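Working notes for the structure below.
Nothing in this text is a laboratory measurement; each read-out follows from the coordinates by a stated rule. Worth saying up front: this structure is predicted, and the values here are computed from it rather than measured. Please note: Cβ atoms are built from the backbone with ideal geometry, for glycine as well, and neighbour counts cover all protein chains shown.
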Amino acid sequence: MKTKKFMQFMMMVAVMMMVASPVAAHFGTIIPSDDIVTQDDDKTLKIEVKFLHPLEGHYMEMVKPKQFGVMHDGKKTDLLASLQAAKAKGPDQDKSFTFWQADFKIRRPGDYTFFVEPTPYWEPAEDCFIIHYTKVCVDALGLEEGWDAPVGLETEIIPMTRPYGLWTGNLFTGQVLLKGKPVPFAEVEVEYLNESPGNKSIVVPPSDPYVTQVVKADANGVFSYAMPRAGWWGFAALNEADWKIKHDGQDKGVEIGAVFWVHTIDMK
């Protein structure tokens with residue numbers, strides 16, 4: 001009898017631990033083959049568009065995005081037709097998941113801000129849809145103009161630090177916008193992409209709070225974070241949309257994320 005009660009107790013504890021465990025942070029991701037293109041570089045960028053948990057390397061299935069494009073010199077170009085499906089999986093995942101790839105030819109100097117609006121992702125664990133409006137900026141041929149221009153997405157991060165040419169340890173500052181207006185005291189999640197090219201070792205967090213860093217914006221939606229390691233860093237400011245999407249006939253909430261990616265290198 002005691003053994004039966006003990007087993008029931010242990011099962012209850014296990015359930016409570018699962019409920020209490022934090023949900024890993026999702027990040028929309030755009031990673032170009034380079035964030036700075038010089039005269040001596042290959043002018044064709046290879047761009048990967050993914051939905052994953054960056055530090056843990058866990059992929060989620062990603063259907064073709066609703067919108068994918070680039071803004072250069074104030075003009076937006078639709079690149080959706082250039083996307084090609086590919087497959088990948090994390091180190092402890094037993095199956096592969098879909099992500100998207102594209103090639104883009106740099107033809108003129110200036111800053112190129114690539115952006116994606118994904119098809120809404122249903123997350124049963126959170127009982128809501130997730131849409132991450134994601135951006136990354138590439139500097140081309142030395143002009144260094146356009147990196148702070150808004151794209152005009154539902155929500156987005158406007159960099160206040162030039163988002164390329166960053167050393168490890170630099171402070172990245174951005175402003176969170178929702179419908180073009182600052183979001184006071186926005187909560188911003190920060191994660192390192194463990195599969196960043198050139199990594200000499202994989203980061204192993206000692207406990208859950210080290211996986212996703214969290215910073216709060218000020219009253220003007222401005223936040224800052226100093227990046228302690230070379231590689232790609234993602235910043236995601238999450239809000240709830242003022243509209244719903246139906247799932248199985250019921251209206252469900254929508255988590256909309258403003259995501260921005262930057263790259264750092266070690267000073268030598």
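Only one residue in 46, 50, 87 is part of a strand (DSSP E or B), over 24 Å from residue 156 (Cα atoms) and in contact (Cβ under 8 Å) with a residue 12 or more places away in the chain, so which one is that?
87
So residue 119 clears everything in (1) over 20 Å from the mean Cα position of the chain (by Cα); (2) surrounded by fewer than 20 Cβ atoms within 10 Å (Cβ to Cβ) except one condition, right? Which one?
The single condition residue 119 does not satisfy is (1).
With the requirement that a residue be buried (at least 20 other Cβ atoms within 10 Å of the Cβ) and either β-branched (Val, Ile, Thr) or assigned to a loop (DSSP other than H, G, I, E, B) (or both), what does segment 165-182 give you?
Selection gives 176 alone.
Which members of segment 41-59 meet the condition of being more than 17 Å from residue 191 (Cβ to Cβ) and either touching a Pro at 6+ places or on another chain (Cβ under 6 Å) or surrounded by 19 or more Cβ atoms within 10 Å (Cβ to Cβ) (or both)?
Once the filter is applied, which keeps residues that are more than 17 Å from residue 191 (Cβ to Cβ) and either touching a Pro at 6+ places or on another chain (Cβ under 6 Å) or surrounded by 19 or more Cβ atoms within 10 Å (Cβ to Cβ) (or both), segment 41-59 yields 45, 47.
Can you name the number of the only condition in (1) surrounded by fewer than 16 Cβ atoms within 10 Å (Cβ to Cβ); (2) of a type outside the set (Lys, Arg); (3) in contact (Cβ under 8 Å) with a residue 60 or more places away in the chain; (4) within 19 Å of residue 47 (Cβ to Cβ) that residue 137 fails?
With (1) surrounded by fewer than 16 Cβ atoms within 10 Å (Cβ to Cβ); (2) of a type outside the set (Lys, Arg); (3) in contact (Cβ under 8 Å) with a residue 60 or more places away in the chain; (4) within 19 Å of residue 47 (Cβ to Cβ) applied to residue 137, the lone miss is (1).
If I go through segment 137-163 residue by residue, how many of them are part of a loop (DSSP other than H, G, I, E, B), over 16 Å from the mean Cα position of the chain (by Cα) and not β-branched (Val, Ile, Thr)?
So the answer is 13.
Taking only pairs six or more apart or across chains, which ones have beta-carbon atoms under 8 Å, a first residue in segment 215-244 that is over 29 Å from residue 195 (Cα atoms) and touching a residue at least 60 places away in the same chain (Cβ under 8 Å), and a second residue that is charged (D, E, K, R) and in a loop (DSSP other than H, G, I, E, B)?
241/154
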